[in-house]
Ligand code: OOG
Ligand code: NI
């Protein structure tokens, strides 16, 4: 077991940045402008709702470190269910974990995903490194494309497996940028693509959370039969507003999350 969340997040970041060069570049860009370290608001993880890799298996790693289950989110069209987790230590990043409701998908997808998950050794799902262990199965590029036709999420999972899907810059903790729009401008000025699904700024002050994200980097992946360049991971930016009690809102906004998921879609 990881003894502290800091160690786990350091490992997750190392694994994430290796396939997300733009996150590393944006992080450096911000660090150069800021006197204080860049703060990570949350990470997100993805999985399938099948034993032994369901949401609860991933969550267990965080519960062991003192995290607690908080909000629940439903994404009917994408056939996803998600929860977020918070730690009593306010400095600990929040965690957003989603799972594909495989039983609601086509028989073909169920069969493909069932065959992938059957290859997972259950003992490895509780190992320290599981959350940044990548893929536990053989998958061909053809199978990836078959999944892509029905569920971009399923295809992403099949290709990338277990790793942080994004880290998130806390705009509240920046001194040089005060809004999501300003952050987006900095990104565009530096040549990054901002996810525009549902608008470049997701959420509003009324939602108590505004977010944006880059479109995922495109990285070469070795499938069982060939190599192909596909979307990897993205970087997110979050600005939280205070609740009536004065504490910053710590939850997520389903309508915004629905669009953030699309940051791993292939660009045109
Ligand atoms: C998670 C998308 C949702 C947020 O902050 O609302 C999300 C994902 O793409 O796996 O991260
Ligand atoms: Ni997020």
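The values are calculated or read from the model by the stated rules, or taken from the named source; none is laboratory data. This structure is a prediction, so every number in the text was calculated from the model and none was measured. Positions of Cβ are backbone-derived with ideal geometry, glycine not excepted, and every protein chain shown enters the neighbour counts.
Could you check, for segment 173-194, whether at least one of its residues is modelled with pLDDT of 95 or more, over 26 Å from residue 153 (Cα atoms), crowded, with 19+ Cβ neighbours inside 10 Å and within 15 Å of ligand 2 (Cβ to nearest atom)? Within segment 173-194, one or more residues are modelled with pLDDT of 95 or more, over 26 Å from residue 153 (Cα atoms), crowded, with 19+ Cβ neighbours inside 10 Å and within 15 Å of ligand 2 (Cβ to nearest atom).
Tell me yes or no: at least one residue of segment 220-234 is more than 13 Å from ligand 2 (Cβ to nearest atom), more than 24 Å from residue 17 (Cα to Cα) and touching a strand residue (DSSP E or B) at 6+ places or on another chain (Cβ under 7 Å).
Filtering segment 220-234 down to residues more than 13 Å from ligand 2 (Cβ to nearest atom) leaves 220-232.
With more than 24 Å from residue 17 (Cα to Cα) added as a condition, the list becomes 225.
Those still in the list that are touching a strand residue (DSSP E or B) at 6+ places or on another chain (Cβ under 7 Å) too: none.
Looking through segment 220-234, none of the residues is more than 13 Å from ligand 2 (Cβ to nearest atom), more than 24 Å from residue 17 (Cα to Cα) and touching a strand residue (DSSP E or B) at 6+ places or on another chain (Cβ under 7 Å).
Just one of (1) within 21 Å of residue 223 (Cβ to Cβ); (2) in contact (Cβ under 8 Å) with a residue 24 or more places away in the chain; (3) in contact with a helix residue (DSSP H, G or I) (Cβ under 8 Å, 6 or more places away or on another chain) fails for residue 148. It is (2).
Go through segment 51-61 and give me each residue that's in a helix (DSSP H, G or I), farther than 17 Å from residue 9 by Cα and more than 14 Å from the chain's Cα centre (by Cα).
Those that are in a helix (DSSP H, G or I), farther than 17 Å from residue 9 by Cα and more than 14 Å from the chain's Cα centre (by Cα): 56, 57.
Counting only residues that are in a loop (DSSP other than H, G, I, E, B) and crowded, with 17+ Cβ neighbours inside 10 Å, segment 79-100 holds 3 of them. Among the candidates 224, 232, 212, the residue that is loosely packed, with under 13 Cβ neighbours inside 10 Å, in contact (Cβ under 8 Å) with a residue 24 or more places away in the chain and either over 12 Å from the mean Cα position of the chain (by Cα) or within 16 Å of ligand 1 (Cβ to nearest atom) (or both) is uniquely 224. Annotation note: Cβ proximity below 6 Å between a residue of segment 236-255 that is without any contact (Cβ under 8 Å) to a residue 60 or more places away in the chain and a residue that is within 12 Å of ligand 2 (Cβ to nearest atom) and assigned to a loop (DSSP other than H, G, I, E, B) (sequence gap 6+ or interchain) occurs for 253/203.
Under the condition of being in contact (Cβ under 8 Å) with a residue 24 or more places away in the chain and in a loop (DSSP other than H, G, I, E, B), which residue from segment 27-50 is surrounded by the fewest Cβ atoms within 10 Å (Cβ to Cβ)? It comes out as 35.
Rundown of residues vs (1) more than 15 Å from ligand 1 (Cβ to nearest atom); (2) part of a strand (DSSP E or B); (3) under 19 Å from the mean Cα position of the chain (by Cα), yes/no style:
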position	(1), (2), (3)
169	no, yes, yes
175	yes, no, no
192	yes, no, yes
261	no, no, yes
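Looking at residue 148, is it more than 16 Å from ligand 1 (Cβ to nearest atom) and not in a loop (DSSP other than H, G, I, E, B)? Against the criterion (more than 16 Å from ligand 1 (Cβ to nearest atom) and not in a loop (DSSP other than H, G, I, E, B)), residue 148 does not qualify.
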